[in-house]
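Chemist: Below are the structure tokens for one structure; questions will follow.
The values are calculated or read from the model by the stated rules, or taken from the named source; none is laboratory data. Every value quoted in this text rests on a predicted model; they were computed, and no experiment measured them. Virtual Cβ from ideal backbone geometry, glycine too; neighbours counted across all protein chains shown.
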Amino acid sequence: MNKLLLVLLLLVATPAMAQQEGFITVDGGVRLFYRIEGSGPQTLVVVHGGPGFSLESIRADFEPFTRNRRVIYYDQRGNGRSTLIDDPEKLAWQRHVADLEALRRHFGLQKMTLLGNSWGGLLISLYAAAHPDRIERLVLDSPAAPIAAQHRLQMTRMTQRARERFSQEERDLVQDNADWLTARDPIAACGLFARYILKLYMYDPAQPVRIRGNLCAGPPEVVRRSLWANRVIVQSLGEFDVRPSVRRVTAPVFIIHGAGDVVPPEGARDWAMAYPDARLLMLPRAGHLIQVEDPAIFFSAIETFLAGRWPEGAVAVAPAPARP
């Protein structure tokens, strides 16, 4: 067979791999690492969770999204392969919103279709509130709560679940590895912590955690600061309530959430009530990791929404009637 023809056949038969990796330089000289996978007429910008993780926490599990479109991932500032940051002011949520706008401009996107996972759902909502005219569509995947009080409720529920799901020995082990700022091997400490803590996010703790993503990806000194970055970013939000500010967003918004998520399902309902054009799909037997707990529904529902239709079972949420 002609060698040129063979090469062409291999190129056609081989699934699209990462097409591009690189850095965007934003204000203050901070460099944001990005990775592009897939190809197609639609561009989806995926915003990872945490705060404190990297794009590698979800990229492998979200691979199905790359089969029909271009998907842009990026490491948020201070995480993964982006610039290491020690100044708390430079990690404030406003900087993250500005980074997303810089990413939009860099890739020449008039409007963005955004998918935010966990904390990423809160971040893209903050961005949408600041730039409502730049939003095509939003997917809030197991989003962090829109209200500070619900974030505190999540912390309480995590403590309760740890008592229910872990032995005292396991709780001690998690506590011993809960802060790897001083760990000799921060990646190993992070990996041990993640293996146990993910059990708190599962609907059924007896099931294995089958995520392919890596919550501890990045250079050791970046991973070492990941929990510190988490605390700094959350503190920058203050006594937040994002609901009033997203009411100016007219683009369609799809929220998917597990009823068994330790991240309060009440928050998902509040998101659905706050956005003018939003629908919520609440899955009764899923927790926080819907992409691996119920992948068939997860990917089908989001693909339907990205194609311009509301998924089956997604409902508008009306505010509860006021009590007399």
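Chemist: When only residues in segment 59-73 that are at pLDDT 95 or above and either hydroxyl-bearing (Ser, Thr, Tyr) or farther than 20 Å from ASP294 by Cβ (or both) count, which is nearest to the chain's Cα centre (by Cα)?
Modeler: TYR73
Chemist: Determine if segment 252-268 includes at least one residue that is crowded, with 22+ Cβ neighbours inside 10 Å and in a helix (DSSP H, G or I).
Modeler: yes
Chemist: So, ILE290, is that one modelled with pLDDT of 95 or more and touching a Ser or Thr at 6+ places or on another chain (Cβ under 8 Å) or not?
Modeler: So ILE290 passes the test.
Chemist: Right, another one. Residue check, ARG323 against (1) at pLDDT 95 or above; (2) over 18 Å from the mean Cα position of the chain (by Cα); (3) surrounded by fewer than 21 Cβ atoms within 10 Å (Cβ to Cβ), all met but one. Which one?
Modeler: (1)
Chemist: Within segment 293-320, which residues are within 18 Å of ALA251 (Cβ to Cβ), small (Gly, Ala, Ser) and either in a helix (DSSP H, G or I) or modelled with pLDDT under 95 (or both)?
Modeler: Matches in segment 293-320: ALA301 only.
Chemist: For segment 156-195, which residues satisfy the criterion of being touching a residue at least 24 places away in the same chain (Cβ under 8 Å), crowded, with 16+ Cβ neighbours inside 10 Å and under 19 Å from TRP228 (Cα atoms)?
Modeler: TRP180, ALA183, PRO186, ILE187, CYS190, GLY191
Chemist: If you take the residues in segment 131-155 that are surrounded by 24 or more Cβ atoms within 10 Å (Cβ to Cβ) and over 21 Å from GLY238 (Cα atoms), which one is farthest from the chain's Cα centre (by Cα)?
Modeler: If we take residues in segment 131-155 being surrounded by 24 or more Cβ atoms within 10 Å (Cβ to Cβ) and over 21 Å from GLY238 (Cα atoms), then LEU138 is farthest from the chain's Cα centre (by Cα).
Chemist: Next question, about the same structure. In segment 1-57, how many are among the acidic types (Asp, Glu), farther than 21 Å from GLU101 by Cβ and either modelled with pLDDT under 90 or in a helix (DSSP H, G or I) (or both)?
Modeler: 1
One line per residue, one yes/no per condition, for (1) part of a helix (DSSP H, G or I); (2) farther than 25 Å from PHE299 by Cβ; (3) modelled with pLDDT of 90 or more:
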residue: LEU192; (1), (2), (3): yes, yes, no
residue: ALA217; (1), (2), (3): no, no, yes
residue: GLN235; (1), (2), (3): yes, yes, yes
residue: PRO244; (1), (2), (3): yes, yes, yes
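Chemist: Only one residue in SER57, SER39, SER118, SER125 is in contact with a strand residue (DSSP E or B) (Cβ under 9 Å, 6 or more places away or on another chain), surrounded by fewer than 17 Cβ atoms within 10 Å (Cβ to Cβ), touching a residue at least 12 places away in the same chain (Cβ under 8 Å) and closer than 29 Å to ILE211 by Cα. Which one?
Modeler: SER39 is the lone residue from the list that is in contact with a strand residue (DSSP E or B) (Cβ under 9 Å, 6 or more places away or on another chain), surrounded by fewer than 17 Cβ atoms within 10 Å (Cβ to Cβ), touching a residue at least 12 places away in the same chain (Cβ under 8 Å) and closer than 29 Å to ILE211 by Cα.
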